[in-house]
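The values are calculated or read from the model by the stated rules, or taken from the named source; none is laboratory data. On a predicted model such as this, the values are computed, not experimentally measured, just so you know. With ideal geometry, Cβ positions are generated from the backbone for all residues, glycine too; neighbour counts draw on all protein chains shown.
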Amino acid sequence: MGIRWLYSATKVKFGKELESIGNGAFCRCKSLERITIPLKDNMITENGIFQGCKKLESVDLVEGAVLRRIINALVLDEWRNDMDVEINAINQSLPTTPAGDDFYDVGGKAEAVQLWIRSVLHKIVQYKAQHHSYVNEAATTLQLDLPNDIVNKNVLPFLELPSYTFEGED
């Protein structure tokens, strides 16, 4: 069952348990401005989910705080900056993305959100893999120069990313 009768809702916040949002869920919710959803691939299942939601301009992530810790723990500033830009990209493009006006025009907001989710997940996987590669290389170098117990107890814990699994991550 959709949420299409919440015409006056301006903000909707879901928890991490949400699996997906189906077709027409927010159809013609003309007051909807902001939605908070989990970062999961296939969260948005149809292009008509936000049809007629002309005021929808912001998407927040349920995992925002965890994601922020992961980004802050990345080794290179370039990666952190790129992730910051990527996470904020949806809120830059959504205000000018068409919402669709009738049955045959579903607009592009749902597709924009889905592509953004996939892009964020892809970059998380990419940067986590590169980060782990750098950490392993640093650990190998340190183990050659320092006793193992010092490296394992005092150095490696500070180089690891916060642990969290995002759905859709390989």
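Within this structure, LYS13 fails the test of being surrounded by 15 or more Cβ atoms within 10 Å (Cβ to Cβ) and out of contact with any His (no Cβ under 8 Å at 6 or more places or on another chain). Residues in segment 77-104 that are surrounded by fewer than 20 Cβ atoms within 10 Å (Cβ to Cβ) and touching a residue at least 24 places away in the same chain (Cβ under 8 Å) were compared, and the one that is nearest to ARG28 (Cα to Cα) is ASP101.
A count restricted to segment 112-135 and to residues that are under 18 Å from the mean Cα position of the chain (by Cα), more than 15 Å from ILE35 (Cβ to Cβ) and not β-branched (Val, Ile, Thr) stands at 10. Among the residues making up segment 21-66, those that are among the hydrophobic types (A, V, I, L, M, F, W, C), out of contact with any helix residue (DSSP H, G or I) (no Cβ under 7 Å at 6 or more places or on another chain) and under 29 Å from HIS131 (Cα atoms) are ILE37, VAL62, ALA65, VAL66. Total residues in segment 17-40 satisfying the condition of being part of a loop (DSSP other than H, G, I, E, B), at pLDDT 90 or above and out of contact with any Ser or Thr (no Cβ under 8 Å at 6 or more places or on another chain): the figure is 5. Among the residues making up segment 51-76, those that are surrounded by fewer than 19 Cβ atoms within 10 Å (Cβ to Cβ) and in a helix (DSSP H, G or I) are GLY64, ALA65, VAL66, ARG68, ARG69, ASN72, ALA73. If only residues of segment 32-50 that are of a type in the set (Asp, Glu) and more than 12 Å from the chain's Cα centre (by Cα) are counted, the one that is surrounded by the fewest Cβ atoms within 10 Å (Cβ to Cβ) is GLU33.
Here is a check on your reading of the model: is PRO162 farther than 30 Å from ILE49 by Cβ, surrounded by 12 or more Cβ atoms within 10 Å (Cβ to Cβ), modelled with pLDDT under 75 and not charged (D, E, K, R)? Against the criterion (farther than 30 Å from ILE49 by Cβ, surrounded by 12 or more Cβ atoms within 10 Å (Cβ to Cβ), modelled with pLDDT under 75 and not charged (D, E, K, R)), PRO162 qualifies.
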